[in-house]
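See structure below.
Values quoted throughout were computed directly from the atomic coordinates according to the rules given, and no laboratory measurement underlies them. Note that the coordinates shown come from a computational prediction; the quantities given were computed from them, not determined experimentally. Please note: Cβ atoms are built from the backbone with ideal geometry, for glycine as well, and neighbour counts cover all protein chains shown.
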Amino acid sequence: MTKQAYQKETNELMKDFLTAPEGLSQSEAKQRLQENGLNLLKEAKKKSSLTLFLETFKDAMVIVLLIVAVVQMVMGAHVESIVIFAVLLLNSIVSVIQTKKAEGSLDALKKLSAPDASVLREGQEQSIPAKEIVTGDIVILEAGDYVPADGRLLEAGSLKVDEGMLTGESTPAEKETVSLNNHAPIGDRINMVFSGTIVTYGRGKFLVTAVGSNTEIGQVAGLLESTTEQKTPLQRGLEHFSKKLSFAILILSLVILGVQLLRVFLDGSTDMTQDIVNAFMFAVAVAVAAIPEALQSIVTIVLSLGTKKMAKQHAIIRKLPAVETLGSTSIICTDKTGTLTQNKITVVDHFLADGQSGEFSNDPKQWQADEQRLIEISVLANDATISEDGTKLGDPTEIALIDYSEKQNQSYRELRKKYPREAELPFDSDRKLMSTLHTMNRKKIMVTKGGPDIVFERSTKVLLDGQVVKFTSELKERFQKQNEAFSERALRVLAFAYKEVSTDSLVLNDEEELVLVGLLAMIDPPRKEVFQAVADANSAGIQTVMITGDHKTTAVAIAKEIGIFQQGDLALTGAELDQLSEAELADQLEQITVYARVSPENKIRIVRAWQDKGKISAMTGDGVNDAPALKQADIGIAMGTGTDVAKDAAAMVLTDDNFASIIKAVEVGRNVFDNIKKAVAYLFAGNLGAIIAIVFALAIGWSNPFTALQLLFINLVNDSLPAIALGMEKAEPTIMNRQPRDPNSGIFTGKTLIAVTYRGILIALAVIIAQWIGNYQSAEMGVAMAFSTLILSRTLQTFAARSNTQTSLQVGLFSNKMVLLAILVCAGLFSLTLLPGLREVFAIPTAFALKEIGLALALATSAVLLMEITKLILVTGQEPKPNTQLNKC
Ligand code: ATP
């Protein structure tokens, strides 16, 4: 039996896969990619356009209409039936286009958030899209990564991998590079890693032996279900509402049918069958026109337009509901380093036990033993690298340390070559420490760096003028004072220590009884845009809370500078938070604007406390341990530079890690919700207008104000384009001066409901007056007038629907060109019905000429003008003024 990858030696595998420890060459990798394809699992196929198209004919209303059209055809009304077919066809095409468009933009977003992986190619570490990995690649793993392919481990530094998805095992598997000769089930292949599993701890390097559907997960899953579409609360609410509304409309249609049939029988018409068919057709047309079937896809389109806009603002939405929830966010719990600050870290000061501080000499030969050791530790307990082309890879804090060494003319590469790493305890934000093992002067030395408070606690000795002495309380105080002093200057401080050990490997318990060497202090200036963003958040009723792993004094200093921490606010450390009972925390929650030295568990507690107060909270995170807090938050926000696990748990990913992008995303979120409201209000007001006119005509014994065909045509013309155009409205100027939206309030709240009813009534009035005027000439003219007035007033209503508070002129007539385009298209489509040939089909009599068109236009315009004038009277002066006051929630 041929040996499997886990049973082979690594050099044998290198030969099998024609690769080397420094990885493949670029050209070889490219060729393998071309030959073997992308490293992707097969996705379930999407519905084709044809399937979607055919599915639109499954709708009960459409089926009834089709039957009616066939009956019409049989009865000789060829033109009418052809037009019904044409309208239904167009309706289906529009609906397929809308669905595909919505799908397409969601796909584009998925692509944006596809994972990357670190590979070694031609000896250089580089980040590539995980789907471009080929067999033979050497991949580097860190805590928080998703393993991008199957492979044999070449290096494993305390590597732990969660393989639950493959093995069902809940505790992470510890991985090693050992040889395995006998057959082993997947769970026991400790020298292998498998695609789709998660690195929970440590670091590793592996040789890719299988990609795509050849991986274990590829074989198990076979087909990866394409992600099920997530509906937002708003979509679900609308769906529920639409169902109820549809039911009411169906009843109304049945009543209309009943009344009409009664009339046919009572009036004893000449062509009873035709009249019955017409009555049926009209009732169905009323149902089709009044049921807002376009609503769902319009909402999806507006939501995805919002996600596109957010992507431009560096916020990638991974879960569609987040777009909406963002609009209701009232608390943003944000990391400090890199999100509020630039993450361009530079060492600016140091401190040694003898009290020495300031700049180092830049001649390493003149360094004392303490200085030498400080620099050694800072570059050895460090994973950052500078590649040959000058690209810096790694954690910015660690990059700052190697930069500092280089600046002082001590090559970090030289030190790493002289003292190679033999074992390591990787950094994690719970321990806030990192240690590595080296042989220095024939002794095994563990070097450690980490948060000063933690290192102080674990140190029992100090290196003082080259001598190891006791870490007395006096010396401890000296270090603590200096740490405080650095922190008050908003500097980030790390402490460096070492210890002689007797083993070849390291365990966590080794990080005790250390010899403290000194401190390095780093500056990390706030991002320039953050000052304004925090102020904007404040005026939008959003409280910003800083949650950081850093020291409390440093955190408060920066929080004060950027306006997060104000007089009367509180700052708490994770330890202090642990001391608080739930009630005490709830009591002080509003005052606490800085949490320092927090653990990932603290983050969950903070989010929960806010949620208990009914606040929608956003929380940022990047580490592997942040995932639960990101899931718990209403909106988990992962950093673009964060781990795959954090990104996966998050609803949104910030590609620039920038706090200001969160605030911009909130603004877009609020705008999206506004626009959906506008589009929905537009649709409902138009439908309401038509229904009132129909019911009115029926009640006073006029003929139907519209023919069935006209209703279907209006549905086609008015239901789509203008609504989508409204979805593209720019944000209202006061959008960030309002308080966050109550998440429980639906779309039809106060103002919107009033606007829909008012506009519906005005449209109905215009139509009724039009029919009344037309009726003086003939019933046909009444219908033609009613039809033209309805289509024109619904079209022009788009102007009024642009804002509930401002007129279209105030909003800016040309500020949304899509609205103008939509109106022109609607008007164009309407004019088609006046063309000879089509006129008869649309029941427009020859007498309907310029004067009548003018009249219909005048009525429609008056209705819309009244809508606009009412806004001027009612709303002007009530708009919230841009808020300069800081209003805390
Ligand atoms: P934020 O949570 O705002 O991003 P942070 O970067 O300080 O802040 P962590 O990355 O969790 O948060 O780091 C927590 C603490 O651990 C830091 O304040 C520092 O004292 C220490 N620390 C950070 N990076 C390292 C590292 N690479 N090696 C050792 N210790 C580190």
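Data overview
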read-out: Residue-span extension gain [K312 to L865] - 0.36 nm each, minus C-alpha spacing; value: 195.4 nm
read-out: Least to most buried among D719, D370 (fewest other Cβ within 10 Å first); value: D370, D719
read-out: Segment 314-410, relative contact order in percent, only Cα pairs under 8 angstrom and at least six apart counted; value: 26 percent
read-out: Relative contact order computed over segment 346-523 (Cα-Cα under 8 Å; 6+ residues apart), in percent; value: 28 percent
read-out: FRET efficiency, L262 to F696 (Cβ-Cβ, R0 22 Å, nearest 0.05); value: 0.80
read-out: Exceeding the 30 Å Cα-Cα cut-off - candidates K175/K476; K309/K631; K336/K449; K30/K101; K528/K751; value: K175/K476; K30/K101; K528/K751
read-out: FRET efficiency, 1/(1 + (r/R0)^6) with R0 60 Å, evaluated for K851 and Q26 via beta carbons; value: 0.20
read-out: Mean separation of Cα contacts under 8 Å, 6 or more apart, over the residue count of the chain: relative contact order %; value: 12 percent
read-out: Links that overshoot a 19 Å alpha carbon limit, given the list K432/K552; K46/K244; K443/K499; value: K46/K244
read-out: Qualifying aspartates and glutamates (Cα of each under 12 Å from Cα of K470; at least 8 residues distant if same chain); value: E513
read-out: Equivalent ellipsoid semi-axes, segment 735-857, via Cα gyration tensor eigenvalues times 5, rooted, Å; value: 34, 17, 11
read-out: Range in the chain, longest, excluding exposed GluC sites (Glu not before Pro) [loop by DSSP; at most 16 other beta-carbon atoms within 10 Å]; value: 530-889
read-out: Fully extended contour minus Cα-Cα distance, from K613 to E239, at 0.36 nm per residue; value: 131.8 nm
read-out: Proportion of all alpha-carbon pairs of the chain beyond 51 Å (%); value: 35 percent
read-out: Label zone at E414, where the point sits 7 Å out along the Cα-to-Cβ direction: segment 362-405 residues whose backbone N lies under 12 Å; value: 363-367
read-out: Residues M818, M785 arranged by fewest to most Cβ contacts within 10 Å; value: M818, M785
read-out: Which of H314, H350, H78 has the fewest Cβ neighbours within 10 Å, and the rest in rising order; value: H78, H314, H350
read-out: Net lengthening on full extension, E477/S815 (0.36 nm per residue, minus Cα-Cα); value: 115.3 nm
read-out: Two-site label geometry, K365 and V825: point separation in nm, points 7 Å out along Cα→Cβ; value: 7.7 nm
read-out: Estimated FRET transfer efficiency when R0 is 25 angstrom, pair I186-Q124 (beta carbons, to 0.05); value: 0.20
read-out: Where only alpha carbons of segment 346-523 are counted, the Rg and the Dmax (Å); value: 14.9, 47
read-out: Trypsin sites (Lys or Arg not before Pro) restricted to DSSP loop in segment 544-632 with at most 14 other C-beta within 10 Å; value: K613
read-out: Virtual spin-label span in nm between Q372 and V70, 7 Å along Cα→Cβ; value: 9.6 nm
read-out: Pairwise centroid distance, computed over Cα atoms, of segment 292-335 with segment 403-425, Å; value: 46 Å
